[in-house]
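Notes to accompany the following structure.
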Amino acid sequence: GVTRLLLTRIPFFKEIIVSSFACDSCSWSNTEIQSAGRIQEQGVRYALAVTSRQDMNREVVKTDCATARIPELDFEIPPFTQKGVLTTIEGIIDRAVAGLEQDQPVRRATDEEVARKIDEFIGKLKQLKEVHSSFTFIIDDPSGNSFVENPRAPQKDDALVVTRYRRTPQQAAMLGLELDEKPADSAEDLRNEVLQFNTNCPECNAPASTNMKLVQIPHFKEVIIMATNCDSCGHRTNEVKSGGAIEPQGTRITLRITDPSDMTRDVLKSETCSVEIPELEFELGMGALGGKFTTLEGLLKDVRDLVERNPFTLGDSSAPSKTEKLQEFIGKLQEVEGKAKAHFIMDDPAGNSYLQNVYAPEEDPELKVERYERSFEQNEDLGLNDMKTEGYESEGAGGR
């Protein structure tokens, strides 16, 4: 015989291979389909409420590992009992009827009672094709390569429910996938997963949850972002921790702000970083505001909020002369956020802060990054002078 292969694409689905075999000697023919892609990341389940004759004409891709079900009749086509097929819902019912009728003459001769029950069931299947009453057609495919047509695509079809799910180990084994997966605590899994742990709200002490995510900053390093939301009082906090070690040298980053677009640059300010704006005679010390991953505009807004929300600077308890100076400072800070030119300096002895280079990987003419050796006082602030990471075992044993 002759087998013909056709690579075709189903709209709003994917590419499939349709194969057709025909024999000139006995006139036997057969068609089947195979997915032209790989096994999908998740399994898929289509549930269609069939309510009209038009629904019977919907195209269906059923792979050989898919299960087809009609709950109203307790009818099921198990996986790997049929080859993959590109057909319609009516075609799947016709194929099931043909399969049941195939051995009926033998059954009638050997077991008339079973043959009678199968005849009754075949009659029910044929009645479904008339759609006198609605029924549910379900295709469950752990490979994710089956498909039921949505004639209203790309709009949503209210009669069709598509559910994607994670395969069980048994389904993965059925598909021949390897079960030797990476450990759940591998670094790759941490990068793709948001971890959550229970804590208490820092404001009202009510139970809350903290989300933690490992993020790779382009042209820099990995950082850990933590965010806490309290459902009781609405308090929200977020903090950034460096995902790596303290760098061998400190970093001093100087940006000349010349354009309002500079306010959109990403900024990573670690808890060991100090900020300075010489034109405003402003300096933010190490530890203030904690770790932040935001934009330059967001960081300046946090600085403004830090000044405005302090009752001892602008509240009822502040001195009038101090209030006037701080109001003037806030006005100048807002000018910098708008269009005034200024220098923005970040000094981090730990070397774990970052300011986005919008020309990366080329040099940024407005951005200057300097590396320097830390002083004894800076190492003391970071706790490095008394930190011994090599040879401490033998030294401790000698002391005993």
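The values are calculated or read from the model by the stated rules, or taken from the named source; none is laboratory data. Bear in mind the structure is a predicted one, so any value in this text is a computation, not a measurement. Cβ: placed from backbone, ideal geometry, glycine included. Neighbour counts: every protein chain shown. Areas reflect the complete protein model, heavy atoms only, side chains present, ligands, DNA and RNA absent. Shrake-Rupley method; radii C 1.70, N 1.55, O 1.52, S 1.80 Å.
Sequence neighbours fewer than 8 away in the same chain don't count; with that in mind, list the lysines whose C-alpha is under 25 Å from Lys341.
Output for Lys341: Lys269, Lys292, Lys301, Lys325, Lys332, Lys368.
Here are some values of volume of the Cα convex hull per residue in Å³: [x] 327; [y] 179; [z] 169. Which one was computed from this structure?
Matching entry in [x] 327; [y] 179; [z] 169: [x].
Gain in length, Lys117 to Ala206, computed as 0.36 nm per residue apart minus the alpha-carbon separation, to one decimal in nm?
25.7 nm
So, in nm, how far is label Arg164 from label Leu306 when the simple model puts each one 7 Å beyond its Cα toward the Cβ?
The two pseudo-label positions are separated by 4.2 nm.
Can you give me the distance in nm between label points at Gln155 and Glu279, each placed 7 Å from the Cα along the Cα-to-Cβ direction?
Spacing of the two 7 Å Cα→Cβ label points: 5.4 nm.
Heavy atoms of the protein only, probe of 1.4 Å, neighbouring chains included. What is the accessible area of Lys292 in Å², nearest 10?
Accessible area of Lys292: about 40 Å².
So if each residue of separation counts as 0.36 nm, and I subtract the Cα-Cα distance between Gln196 and Met387, what length gain in nm does that give?
Contour length minus the Cα-Cα distance gives 65.6 nm.
Using the heavy atoms of the protein chains and a 1.4 angstrom probe, tell me the accessible area per residue for the range 187-242 in square angstrom.
Accessible surface, normalised per residue, equals 65 Å².
Using a probe of 1.4 angstrom, how much of the accessible area of the range 41-175 is carbon and sulfur, in percent?
Answer for the range 41-175 is 48 percent, counting heavy atoms of protein chains only.
Relative contact order for the chain using alpha-carbon pairs under 8 Å, separation at least 6, rounded to a whole percent?
13
When ligands, DNA and RNA are left out and all protein chains stay put, how many square angstrom of accessible area per residue does the range 250-382 have with a 1.4 Å probe?
Value returned for the range 250-382: 54 Å² of accessible area per residue.
Nearest 10 degrees, 0 to 90: what angle lies between the long axis of helix 320-338 and the longest principal axis of the chain (Cα atoms)?
Tilt of helix 320-338: around 50 degrees.
Any idea of the accessible area per residue across the range 1-137, 1.4 Å probe, to the nearest Å²?
Ligands and nucleic acids excluded, the figure is 59 Å² per residue.
For the peptides 362-371, 49-58, what is the packing order when you average, over each peptide's residues, the other Cβ atoms within 10 Å and list the highest mean first?
Final packing ranking: 49-58, 362-371.
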